[in-house]
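Please read the structure below before turning to the comments.
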Amino acid sequence: MRVEVFVTPKRGVLDPQGRAVEHSLLSLGFKQARNVRVGKYILLEVDAGSAAEARRIVQHMCERLLANTVIEDYRLEVEGE
Amino acid sequence: MKWGVVTFPGSLDDRDVVWALADVMGQNVVSLWHKDERLHGAECVILPGGFSYGDYLRCGALARFSPIMNSVARLAEDGGIVVGICNGFQVLCEARLLPGALTRNRSLSFICDQVTLRVENPSTRFTCLMNRGDLLRLPIKHGEGLYVAPEDELPQLEERGQVLLRYVSSAGEATEEANPNGSLNAIAAVANETFNVFGLMPHPEHAVEAGLGGTDGLRLFNSLLRGV
């Protein structure tokens, strides 16, 4: 089962990459850009009997390894949900 | 005391730490391999700088699951001394043996420089040969050294004296310009709540000989020797 993981810096945590990208967008003339955050995208396949089970497994992976929950949030998109 | 220095795939400064401890300070040092679960009698373990596992995913995130880290965590739980330098500091934060995390420098650039650090808490085993306000000159070299702790934890870290070193100007002032990487409160080194696990971004092992970057690193290592 295909699961997509989106990892982003927590609100309130400094994100120098996001800030630099936002600055560049503004200087390119994209005056509409606000609150840019740069994160990670992780795509994986999981052996699971159901979407709910896949979600549970990947959530566990995020807590253990894929995200550092001290500074990062994560969001999952599970195939078939 | 027997010291252990861990080598992960991608460690760079492991030999420098061994050199500082064994050759310069005459200590009994054992090199530890990340796949080994045993500490071979080491009572103080140092996790060195470098790019363990190529800094993949996050700095230190993969190294913390190396087999030897189980024993390092056990040593820390039993009150043994564990010190993480640079990448080692990142590993200890990822392993939750130290509070907070280290993220990309404010400038987004890798920094290689000599910095001034002020001793904030001299009553720990890592700083006991110094006085509050003493200044140290040590090298830094990192891309991810911006220290972050959750907003609600930072005041407590400060209150409990877990902040050991801060980046300051050569006059000893914590100015914006003296903070090389944008660390919160200009934090360069922290301890855990029980003051037996320490992490720092500067490299004391690169400052142990007068001809090579000064000797201020020895003040930290000698404190450990005395403090244990």
Out of A:PHE6, A:PHE30, I need the residue that is in contact with a strand residue (DSSP E or B) (Cβ under 6 Å, 6 or more places away or on another chain), modelled with pLDDT of 95 or more and surrounded by fewer than 16 Cβ atoms within 10 Å (Cβ to Cβ). Which one?
A:PHE6
Only one of A:VAL70, A:VAL13, A:VAL38 is of a type outside the set (D, E, K, R), within 11 Å of chain B (Cβ to nearest Cβ), open to solvent by less than 90 Å² (accessible area, probe 1.4 Å) and touching a Cys at 6+ places or on another chain (Cβ under 8 Å), namely A:VAL70
Qualifying positions in segment B:180-218 - open to solvent by 40 Å² or more (accessible area, probe 1.4 Å) and within 14 Å of the chain's Cα centre (by Cα)
B:PHE195, B:HIS206
With closer than 16 Å to B:GLY80 by Cβ and small (Gly, Ala, Ser) as the only criterion, which of B:GLY41, B:GLY54, B:GLY50 stands out?
B:GLY41
Kindly provide the set of residues from segment B:134-150 that are in a loop (DSSP other than H, G, I, E, B) and open to solvent by less than 40 Å² (accessible area, probe 1.4 Å), ordered by number.
B:ASP134, B:GLY143, B:GLY145, B:ALA149, B:PRO150
Take the residues in segment B:151-179 that are under 24 Å from A:PRO9 (Cα atoms) and away from every other protein chain (no Cβ under 13 Å); name whichever of them is surrounded by the fewest Cβ atoms within 10 Å (Cβ to Cβ).
B:GLU176
Test B:GLY182 against the stated conditions and say whether it is within 14 Å of another protein chain (Cβ to nearest Cβ) and either touching a Cys at 6+ places or on another chain (Cβ under 7 Å) or closer than 26 Å to B:VAL17 by Cα (or both).
no
Tally time: how many residues in segment B:195-228 are over 19 Å from B:ASP113 (Cα atoms) and not hydrophobic (A, V, I, L, M, F, W, C)?
6
Going through segment B:96-109 in order, the residues found to be more than 9 Å from chain A (Cβ to nearest Cβ) and open to solvent by less than 20 Å² (accessible area, probe 1.4 Å) are B:LEU98
Filter segment B:42-90 for residues that are in contact (Cβ under 8 Å) with a residue 12 or more places away in the chain and open to solvent by 50 Å² or more (accessible area, probe 1.4 Å); which is farthest from A:ARG64 (Cα to Cα)?
B:GLU43
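The values are calculated or read from the model by the stated rules, or taken from the named source; none is laboratory data. Keep in mind the model is a prediction, meaning the values are calculated, not measured. Cβ atoms come from the backbone with ideal geometry, glycine included; neighbour counts cover every protein chain shown. Calculation scope for accessible area: heavy atoms of the full protein, side chains included, ligands and nucleic acids excluded. Shrake-Rupley method; radii C 1.70, N 1.55, O 1.52, S 1.80 Å.
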